[in-house]
Amino acid sequence: MDIPAKIYITCASAELKKQPGTLIAVSPHGFYEVHVQYGSNTHVMLLPVGETSMLYAEPVLMHPPGFELER
């Protein structure tokens, strides 16, 4: 995932459920820095890594039939 990344955020302690936002940074102190749109303004939020889940907004592209990835 590239940063910045368009994401959907779920964090119970911040009362966010599938909130669209932008992941800006991952802090070594255990926080995600995200930008969230409220009304016409963009706000910075610091969310705890342990309580936050994120869904990358861009779908994963499917490989063509017969394509194999060596792991």
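With the structure loaded, tell me whether Y56 is under 13 Å from G21 (Cβ atoms) and surrounded by 10 or more Cβ atoms within 10 Å (Cβ to Cβ) or whether it fails that test. Walk me through it before giving the result.
On the way: under 13 Å from G21 (Cβ atoms): yes; surrounded by 10 or more Cβ atoms within 10 Å (Cβ to Cβ): yes.
So Y56 passes the test.
Considering segment 28-71, and only residues there that are in contact with a Ser or Thr (Cβ under 7 Å, 6 or more places away or on another chain) and among the acidic types (D, E), the residue that is nearest to A14 (Cα to Cα) turns out to be E51. Among residues of segment 30-55 that are closer than 17 Å to D2 by Cα, those with a Cβ under 9 angstrom from a residue that is assigned to a strand (DSSP E or B) and basic (K, R), sequence gap 6+ or separate chain, pair up as L55/K18.
Quick one: count up the residues across segment 45-71 that are under 10 Å from the mean Cα position of the chain (by Cα), assigned to a strand (DSSP E or B) and of a type in the set (A, V, I, L, M, F, W, C). It would help to see each step written out before you state the result.
Keep residues of segment 45-71 that are under 10 Å from the mean Cα position of the chain (by Cα), which gives 52-57.
Imposing the further condition that a residue be assigned to a strand (DSSP E or B) reduces the set to 52-56.
Add one more test, that the residue is of a type in the set (A, V, I, L, M, F, W, C), and what stays is 54-55.
Number satisfying all stated conditions: 2.
Readers should treat all values here as calculations from the given coordinates under stated rules, not as data from a laboratory. Quick caveat, the model's predicted, so the values are computed rather than measured. Every residue, glycine among them, receives a Cβ derived from its backbone with ideal geometry; neighbour counts consider all protein chains shown.
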